[in-house]
Amino acid sequence: MRLLTVTLVALAVAALAAQTPAPQQSAAPGRAAGRGAPAPPPPAPAGGSPGTYKTDADLMAVLKRAMDAAGNNMSSSNVANTDQYSINVVHRVTGAGAISHPGWTEVHHIIEGSATFVTGGTIVRPAAGSGGVATIEGGVSKHVGKGDVIVIPENSAHWYKDVDGQITYLEVRFLAPKK
């Protein structure tokens, strides 16, 4: 299991290294810019730099602290985040609204737990003030579990619709290569 996770991260990092440097962005991946917005992430290391290494124990300890602070709804443990990629271990106990990330491709590797995951289709926003969450119309729904891998193309709608108790996954988000 750990070998597969390490292999996935290594493949993602290799794909990142082959990309052209990203244009400067004003906000971190998936975050809006503006007053009070977090500072932009640091630039990716130059080619030939040493790799980033974090132990499973370190990542899980950070994730547990984040879960305790967030009330266990959704928490993450940072592996490495730059202007060209974002790698985190994410834990959820409930579903979330549908989203997409223009210009970014994602890979999710399920570490433990299971959920219904929907991808593709069109995001449908709830009526203002309804308290609902964004959903997907016309997407493909799959039940995912430990060991499964999901590749989400750039700007594709995706949604953890229903979580079966809890789910923890490695999330690798990187700039989609220029076409």
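Read-outs throughout are calculated quantities, based only on the coordinates presented, and are distinct from any laboratory measurement. Computed from a predicted model, the values in this text were never measured in an experiment. Cβ sites come from the backbone with ideal geometry, for glycine too, and all protein chains shown count toward neighbours.
Please list, in chain and number order, the residues 5+ apart from ASN81 or on another chain whose amide H is under 5 Å from its amide H, with Hs placed from the backbone.
ILE87
Summing +1 for each Lys or Arg and -1 for each Asp or Glu, what net charge is found among the other residues whose Cβ lies under 13 Å from the Cβ of SER75? Show your work: numbers first, answer last.
On the way: positive: LYS64, ARG65, ARG92; negative: ASP68, GLU171.
Net charge around SER75: +1.
Quick one: net charge of ARG92's neighbours, Cβ under 13 Å, K/R +1, D/E -1?
Values: positive: LYS161; negative: GLU112, ASP162, ASP164, GLU171.
Net charge around ARG92: -3.
Based on the inverse mean of 1/r over its pairs of different Cα atoms, what is the Kirkwood hydrodynamic radius of segment 91-179, in Å? Can you show the working numbers first?
Details: mean 1/r = 0.0747 Å⁻¹.
Radius from the Kirkwood sum: 13.4 Å.
Once amide H atoms are placed 1.01 Å from N in the peptide plane, what residues at a sequence separation of 5 or more from VAL124, or on another chain, have their amide H within under 5 Å of its amide H?
Under 5 Å from the amide H of VAL124 lie the amide H atoms of THR135, ILE136, GLU137, each far enough along the sequence or on another chain.
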